[in-house]
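Reading through the structure tokens given below for one structure.
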Amino acid sequence: MGEEDSEPKRSRGLCGWFLALLVLGAVAAAIAVGVKVKMDHHHHSAPKLGPAPGPPGPVVKMYGDALTLAMQFFQVQQSGKLVNNTISWRGDSALQDGSEAQLDLSKGMYDAGDHMKFGFPMAFTATVLSWTILEYGDQMQTVNQLNPAQDSLKWITDFLINAHSSADVLYIQVGDPVVDHKCWDRPEDMTEERPLTQVNTSSPGSDVAGETAAAMAAASLVFKSINSTYSSLLLQHAQELFTFADRYRGLYSESIPEVQAYYNSTSYGDDLLWAASWLYFATGNQSYFDYVTGKNGVAFANWGNPSWFTWDNKLAGTQVLLSRVSFFGGQGSSNSGNLKNYMKTAEAVMCGLLPKSPTATSSRTDSGLIWISEWNSMQYPVASALLALIYSDYMLTSQTASFSCNGDSFGPSDLRNFAISQADYVLGNNPMNLSYLVGYGDQYPQYVHHRGASIPANATTGCTNGFVWLNSSAPNPNVAFGGLVGGPFLNETYIDSRNNSMQLEPTTYNSALIVGLLSGLVTTSSVVKSFT
């Protein structure tokens, strides 16, 4: 067959292809119209990817100011011999903590408005603060808050290192809450006994030991490039603690029933998965990846069921953290089917948060604040917004345009807008026109339930005669700068009264969450693809 014969054949082929493409195009257009109709039906346009990844952009002043303020609450809460203290009404306190066991447990942070050191929420504070620094360190640096964050983190991890006095012993509490709560005094003037509580092989606490392992593993990544010796020490403690938590399984609130009235733990599987996930990122060790994707994942991860991220439940945090591996890859992680289950559940969490999603949670106020509980209502929306923001930035950095909520498409900007709505509510865009971040804006709580803030620095009080300050009708003489108070009721009201600890008490772990949220909003930029 000659050359001239083959030419018409090819053009016929091209013509056929062209017709096929026209038909396909028409079909695609019809589908697109159908999809658009469906989208319009849900009042939702196709996701836009948003800003391209890159170095930090211009600072959003509102969030920069709020972040700088929020960071100060860690100083307000510091125990021990203070260094570079900028809070005028705070001084050295609790210098003898730990002495009954020949340990220095003077550092760490007080839990809330009281003088208790509760290891479970304190370790959670350290984990969240570490995560924030790892994801948003560049953003924090734009407003000079990276170094203060590292210092505050180390103040807690120094305590945690000393509290882990031997392989299978972890001190998880300093002070007796019953005794502590009978006093209203400044921490500088404390005279009451400060007994120690521990978990060990006969009184296990896989939850508190697991969360402490997570904190140390995450912090080891923060300090890796700054102080490699300290980083290695943290990692060694994290691995030992995880082994102890995993080998001697049990709830610390069953081993030590007294803690149930304060920080009662409802599960420990979430803490083991959270710790193993952080250890995987800190070590790159396949065994930790296999732990979370293998039989322990099956037993504890509760895939497909979205949950709230709190000091008591780390599952949603673990799902978002492990989705890093799906977005960016990771060594030894190829194609674990269960890795996809973590990511799918993280997406389900996101779908629950987005107000226009078909699976949106109804647990919110009329103004759109996520609302779950009367006690410390603010921890839920802020934690939810932080996870949404991190997930949004994973999508942006990996250039992932969208995910689906029961057939509706959403993108990173939807998640970021949700996070902004929660942050703005905290900062005063709410029916009360009140900032729930103490010291921020024109109107904020004046009667914060916090001993140190309520008693003048020059007053001399003992354990009980300080109650006159609790019951005083005058506003606090000291501002608990940067404290995130409990927050509004479901009907969005708020009663500014010092005895109203349900709404007026700031907590240290709330601070870690709001610092994380504000750090991600200070400026637009991408997250790192690898922590190391």
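The values are calculated or read from the model by the stated rules, or taken from the named source; none is laboratory data. Only a predicted model underlies this, so the values are computations on that prediction, with no experimental measurement involved. For neighbour counting, all protein chains shown are included, and Cβ atoms are generated from backbone atoms with ideal geometry for every residue, glycine included. In case anyone asks, the SASA skips ligands and DNA or RNA and just uses the protein heavy atoms, side chains included. Shrake-Rupley method; radii C 1.70, N 1.55, O 1.52, S 1.80 Å.
If you fit an axis through the alpha-carbon atoms of helix 269-283 and take the longest principal axis of the Cα set of the chain, what angle between them do you get, 0 to 90°, nearest 10? Compared with the principal axis, the helix lies near 70 degrees.
Given the convex hull over the Cα atoms of the stretch 316-421, what projected area results after averaging over all orientations, in nm²?
On the way: hull surface 27.7 nm².
Mean orientational projected area (the stretch 316-421, Cα hull): 6.9 nm².
Can you give the translational diffusion coefficient of the stretch 434-480 in µm²/s, computed by Stokes-Einstein from the Kirkwood radius over Cα pairs at 25 °C and 0.890 mPa s?
On the way: Rh = 11.3 Å.
It comes out at roughly 216 µm²/s.
Averaging over all projection directions, the Cα-based convex hull of the stretch 389-437 occupies 4.2 nm² in the image plane. Here each label is just a point 7 Å from Cα along the line to Cβ, and for Val528 and Ser497 those points are 4.9 nm apart.
Quick note on the chain: its Rg to Rh ratio, both from C-alpha atoms and Rh being the Kirkwood radius, is 1.05. For the chain, the 222 nm mean residue ellipticity estimated from helices alone, with every DSSP H stretch of n ≥ 4 adding -39500 (n - 2.57) and the total spread over all residues, rounds to -16000 deg cm²/dmol. In the context of the full protein assembly, Arg90 retains an accessible surface of approximately 20 Å², using a probe radius of 1.4 Å and ignoring ligands and nucleic acids. Size descriptors for the stretch 365-473 (Cα atoms only): Rg and Dmax, in that order, 19.8, 64 Å. Projecting label points 7 angstrom from Cα along Cα→Cβ for Glu258 and Phe328 puts them 4.3 nm apart. When every Cα-Cα distance of the stretch 161-228 is counted in 5 angstrom steps from zero, the calculated P(r) takes the values 3, 14, 19, 16, 15, 15, 12, 5, 1 percent.
Which whole-number percentage describes the relative contact order of the stretch 61-522, with Cα contacts under 8 Å and a sequence gap of 6 or more?
20 percent
Extending 7 Å from the Cα toward the beta-carbon at both Gln443 and Ser202 defines two label points whose distance is 5.8 nm. The C-alpha atoms of the chain define a longest principal axis, and helix 379-397 lies at about 40 degrees to it. Put the Cα centre of the stretch 266-331 next to the Cα centre of the stretch 68-142 and the gap is 26 Å. Taking all protein chains as they are arranged and a probe of 1.4 Å, the heavy atoms of Ser152 leave approximately 10 Å² accessible to solvent.
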